[in-house]
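> Have a look at the structure that comes next, please.
What follows is calculated from the coordinates using simple rules that are stated; it is not laboratory data. Quick caveat: nothing in here was measured; it's all calculated off a predicted structure. When we count neighbours, we look across all protein chains shown, and the Cβ atoms used for this are built from the backbone with ideal geometry, even at glycine.
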Amino acid sequence: MINFRFLPVFHKSHMGYDSGSDSDPGTSIFSRMSGKELGFLVAIIGILGFFAVQAMFGFPIKDLIRKEITDEAKVVTKDQQGTCVVEGSDRQPRGIPNCPYKIGDVLIVTFKQGTAPIEKYHLKVAS
């Protein structure tokens, strides 16, 4: 178990009186801490720093794992280079290069939530 001796020492050093201990008043609080206590303090500061950075940037770590969505999308335009633009239920346009489909075709597309690139696509079979 970790003994939190450094907390009272830190507090008393700022109160303006001598605690009566035999330690040298010119030494750093960190020099009086054990290796375990120092390691614990570094870990806590590291974790707090990580969450502070995440909070400043809107928690981008949550974006590493995105939900995969499979949806129907209709081909709305096709340019001369063969790139189709499809639009699904989320109303975000997505491009498919070298697209063999025609305007108006309905495709089944798979993409990551909140991203534009399409990972998989195929023509919806009429039922």
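> For region 68-123, report the % of Cα-Cα distances exceeding 12 Å.
57
> Moving on. Less than 24 Å apart at the alpha-carbon level, and either on another chain or at least 8 residues along: which lysines does that give for LYS36?
Reachable lysines: LYS12.
> Once Lys and Arg get +1 and Asp and Glu get -1 on their Cβ, which of SER89, THR77, LEU123 lies farthest toward the positive end of the dipole of region 68-123?
About the Cα centre, the residue reaching furthest to the positive side is THR77.
> For LYS120 paired with ARG91, estimate the spin-label separation in nm (one decimal), with each label point 7 Å from Cα along the Cα-to-Cβ line.
2.9
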